[in-house]
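Novice: First the structure, which I've put down as structure tokens, then a few questions once you've had a look.
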Amino acid sequence: MTNIELKNRYQHDGFLVLPDAFSPHEVGELVEETVRICRGELGDVQGALPADPADTDDDVLRRFLCVHYPHKLSGVMLAAMRHPAIVSPLTTVIGPNVKAMQSMLFVKSEGEPGQAWHQDEMFIPTRDRSLTAVWLALDDATIENGCLWVLPGSHRSGVVYPNREHDDPRYDCTVESYAFPYDDSDAVPVEVTAGSAVVFNGYLLHKSLPNTARSGYRRALVNHYMSAESLLPWSAPPAGTPVAQADHRDIVLVAGADPYAYKGLREVRRPRIRPNRAGGCDR
């Protein structure tokens, strides 16, 4: 696919698939690193129970649905965030200067829930429409084990739809979007093989369903990126700084130049687990 074709498809559908973006060896390294992260070998993960040396890898992995900010623990995860197979298409759909602000490592063993309809822009307020997710499959992602579902074209209006709490047992504790002009019959499953990446716009409505496979995982590494030219009013600004000038500086530059490098970087977020609804939600 040429850069023009890639950009046109992304602008029209709001998502695209990069087949075999990572080699089997690279995927294997990320899978091994997932075990080390979940065992706590690379540093503290807020909310995680300590692993016992007698626990098998499966024992440990099945305690996790998602770890936020694994790139802060692992050089392998950080390198994946900057991988040329990812950065090249990002510079096509975003522009020459690209920064990352978040990573999420999904483990999602059988029986674990999905996430209700939502837009990433609802959580990460770029507001310049450059927010882009890269969803890297570490296992084959199928309908059965809880692949992504998307509403093609739902990004085009640039509207952030309202959200609400829900009690649907199919989904984790994250709020759901509603009152959008689509229904489930418009949804498309995005089944991909391990090593392939799904690139999608921050305004695209998407969800996932539970892993109903009889065994195994649906592991994925998800990173979020945006234009480095834009401010990111994500965290509360320091005292005396107007909200209009707020700029989250807990970022990683992955391409080009950072026009706001003079502000420096600031550690704001730390690795933590995402509640999976089992035993309640932390809200």
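Novice: Do any residues in segment 135-163 that are under 22 Å from residue 68 (Cα atoms) and touching a residue at least 24 places away in the same chain (Cβ under 8 Å) have Cβ atoms under 9 Å from those of residues that are assigned to a loop (DSSP other than H, G, I, E, B) and among the aromatic types (Phe, Trp, Tyr), where the two are at least six apart or on different chains, and which pairs are they?
Specialist: 136/22; 137/22; 138/22; 163/178
Novice: Follow-up question, since we're still on this one. Go through (1) under 20 Å from residue 193 (Cβ atoms); (2) in a helix (DSSP H, G or I) and name the single condition residue 22 misses.
Specialist: All conditions are met except number (2).
Novice: Another question about this same structure. Restricting attention to segment 246-272, which residues are of a type in the set (Lys, Arg) and surrounded by fewer than 17 Cβ atoms within 10 Å (Cβ to Cβ)?
Specialist: The answer is 263, 266, 269, 270, 272.
Novice: Moving to a separate point now. Just to be sure I understand, how many residues within segment 1-34 are polar (S, T, N, Q), farther than 18 Å from residue 200 by Cβ and modelled with pLDDT under 95?
Specialist: Residues flagged as polar (S, T, N, Q), farther than 18 Å from residue 200 by Cβ and modelled with pLDDT under 95 within segment 1-34 amount to 1.
Novice: Does segment 12-30 hold any residues that are surrounded by fewer than 19 Cβ atoms within 10 Å (Cβ to Cβ) and either within 22 Å of residue 74 (Cβ to Cβ) or in contact with an Asp or Glu (Cβ under 9 Å, 6 or more places away or on another chain) (or both), and which are they?
Specialist: Correct list: 23, 24, 25, 26, 28, 29.
Novice: Which residue, of 116, 133, is among the small types (Gly, Ala, Ser) and either under 19 Å from residue 230 (Cα atoms) or more than 17 Å from the chain's Cα centre (by Cα) (or both)?
Specialist: From the options 116, 133, the qualifying one is 133.
Novice: I'm checking my understanding of the structure. Among residues of segment 129-150 that are in contact with a strand residue (DSSP E or B) (Cβ under 7 Å, 6 or more places away or on another chain) and farther than 21 Å from residue 85 by Cα, which one is surrounded by the fewest Cβ atoms within 10 Å (Cβ to Cβ)?
Specialist: Selected residue: 143.
Novice: Restricting segment 170-215 to residues that are over 21 Å from residue 145 (Cβ atoms) and free of Cβ contacts under 8 Å to residues at least 60 places away in the same chain, which is surrounded by the fewest Cβ atoms within 10 Å (Cβ to Cβ)?
Specialist: Here the answer is 185.
Novice: Next question, about the same structure. When both residues are 6+ apart or on different chains and their Cβ atoms are under 6 Å apart, which pairs have a first residue that lies in segment 76-91 and is crowded, with 19+ Cβ neighbours inside 10 Å and assigned to a helix (DSSP H, G or I), and a second that is modelled with pLDDT of 95 or more and aromatic (Phe, Trp, Tyr)?
Specialist: Close Cβ pairs (under 6 Å, with a partner that is modelled with pLDDT of 95 or more and aromatic (Phe, Trp, Tyr)) amount to 90/225.
Novice: May I ask you to list pairs of residues, at least six apart or on different chains, whose Cβ atoms are under 9 Å apart, with the first in segment 238-261 being at negative phi and the second being modelled with pLDDT under 95 and among the hydroxyl-bearing types (Ser, Thr, Tyr)?
Specialist: 246/235; 247/241; 248/235; 249/235; 250/235
The values are calculated or read from the model by the stated rules, or taken from the named source; none is laboratory data. Please read these numbers as outputs of a predicted model, since none were measured by experiment. Methodologically, a virtual Cβ is constructed for each residue, glycine included, from the backbone with ideal geometry; neighbour enumeration extends over all protein chains shown.
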